[in-house]
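To keep things clear, I will list the structure first and then write my remarks on it.
The values are calculated or read from the model by the stated rules, or taken from the named source; none is laboratory data. What you see is a predicted model; the values in this text were computed from it and never measured. We place every Cβ from the backbone using ideal geometry, glycine too, and count neighbours over all the protein chains shown. Accessible surface areas use protein heavy atoms only, side chains included; no ligands, DNA or RNA. Shrake-Rupley method; radii C 1.70, N 1.55, O 1.52, S 1.80 Å.
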Amino acid sequence: MSDKREKRTFDEINEKIRNGTVVVCTAEEILEMIDRDGEEAVFEAVDVVTTATFGPMCSSGAFLNFGHSDPPTRLEKLTLNKVEAYGGLAAVDTYIGATAESEDQGYEYGGAHVICDLIDGKEVVLEATSKGTDCYPGKKVKAAVKLEDLNEAYLFNPRNAYQNYAAATNGSGKAVYTYMGTLLPNYGNVTYATSGALSPLLNDPELRTIGMGTRILVGGAVGYVSWNGTQCNTAPTRNANGTPIGTGATLAVIGDLKQMDTKYISPAVFKAYGTSLNVGIGIPIPLLDREMLRFCAVRNEDIETNLIDYSVPHLSRPTVRKVNYAELQSGQIEINGKMVKTSPTTSMRKAREIADILKEKIKSGSFELQAPVKLFTQNQGVKKMANAEVLE
């Protein structure tokens, strides 16, 4: 066995991408290859594994710059299609969060819809007020803008692509409405997130190849990992094969709204809860060594999560049972001797499509891998809110 095949580098893989000899497969395809040919042969043959997910990611939003009106107006309080956006930035910059809700339509139309309307080339109405200053004398401005009218428009999502996430159910006698969807009474259904064995951070559970600067697909466009995500837990409980159980690491991601496609980024509305944004993310995992292949060989039956009772109104909710993704993706699991239907908030169809698109981009030479410029801190947990008193 040559030394080169024992350990690869990003540069070596990128050279193969440039000369058209790179071998790429999706995280689902590599499992079939291992079953057929064995790990040794697969490691010799394959350079990159593509992973993907597509589902609601509430901690998302976009920075927008509108350019100046004449006379200039500082946008201190503003809405976009009657959805509040943040005015505490420079004069004509704003950040609109995906979960912000419309003043007249409530959660049926929110920041996620504004972002996607812009991507689709629709007009969005900006309305803003200001106290007026010598340098920004305007006090009220209204404009109908399209994405092409904006100087900059980029998605910046503080927390996406959860490594793993708890499944949800409801043990109470009435329906519960959550960001995991509607949970029927008396353990009437189970919902779950992530794309299991196709999920990006489950194929690199120690974040050895994913960090600040990693080139990814986000919303159908080339983007980047900009930092670790908020509530990034790199000290999760892990099972025997090292896979996180329940929540784990997260990513902050960035990408150009002007290059995105609403096939891979779309609004989501959850009854009696609110608005969210479905975000498609694809991440390439280079097989730098044999351990990375073992990570990418993770199977749905190897990935466990906690099934949580969301009817309990506390941060620490009871665990009904542990469950693996083979069970969840089968469509039903057992709870207290009863078979209960399961359904994902993640679209596996979209996730597979994104993984395939990323695979083809790498094979065609249009997408090279970027080694992280900074790896994320390991063994770091998540804190609760300090000195909090819930007043109502």
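Of note:
- Take the conditions (1) within 30 Å of Gly97 (Cβ to Cβ); (2) touching a residue at least 24 places away in the same chain (Cβ under 8 Å); (3) open to solvent by 30 Å² or more (accessible area, probe 1.4 Å); Thr346 misses just one of them, which is (3).
- Sole exception among (1) outside the structural domain of Ile265 (by TED's automatic domain parsing); (2) over 20 Å from Arg208 (Cα atoms) for Arg349, by number: (1)
- The set of residues in the stretch 291-308 that are closer than 15 Å to Leu198 by Cα and either free of Cβ contacts under 8 Å to residues at least 24 places away in the same chain or open to solvent by less than 30 Å² (accessible area, probe 1.4 Å) (or both) comprises Met292, Leu293, Phe295, Cys296, Ala297, Val298, Ile303.
- Within the stretch 18-34, residues that are under 12 Å from Ala197 (Cα atoms) have Cβ atoms under 8 Å from residues that are open to solvent by 20 Å² or more (accessible area, probe 1.4 Å) in these pairs: Thr26/Arg352; Thr26/Asp356; Thr26/Lys359; Glu28/Arg352; Leu31/Arg299, counting only partners at least 6 apart in sequence or on another chain.
- Note on the stretch 1-75: enclosed strands (runs of 3 or more DSSP E) holding 3 or more residues that are out of contact with any helix residue (DSSP H, G or I) (no Cβ under 7 Å at 6 or more places or on another chain) are 61-65.
Matching residues to (1) open to solvent by 40 Å² or more (accessible area, probe 1.4 Å); (2) outside the structural domain of Arg299 (by TED's automatic domain parsing); (3) at pLDDT 95 or above; (4) not small (Gly, Ala, Ser):
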| site | (1), (2), (3), (4) |
| --- | --- |
| Asp35 | yes, no, yes, yes |
| Glu40 | yes, no, yes, yes |
| Glu44 | yes, no, yes, yes |
| Ala52 | no, no, yes, no |
| Ala62 | no, yes, yes, no |
| Pro71 | yes, yes, yes, yes |
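- Output for the stretch 244-265, where each listed residue is surrounded by 23 or more Cβ atoms within 10 Å (Cβ to Cβ) and assigned to a strand (DSSP E or B): Pro244, Leu251, Val253, Gly255, Ile265
- Figure legend. Inter-residue proximity from the stretch 108-134: first residues under 16 Å from Gly274 (Cα atoms), second residues in a loop (DSSP other than H, G, I, E, B) and modelled with pLDDT of 95 or more, beta-carbon distance below 6 Å, spacing 6+ or different chains. Indicated pairs: Gly110/Ala100; Gly111/Ala98; Gly111/Ala100; Ala112/Ala98; Val114/Asn81.
- Flag if Asn278 is within 22 Å of Thr237 (Cβ to Cβ) and among the polar types (S, T, N, Q): no
- For Ser311, the criteria (1) free of Cβ contacts under 8 Å to residues at least 12 places away in the same chain; (2) polar (S, T, N, Q); (3) buried (at least 19 other Cβ atoms within 10 Å of the Cβ) hold in every case but one, which is (1).
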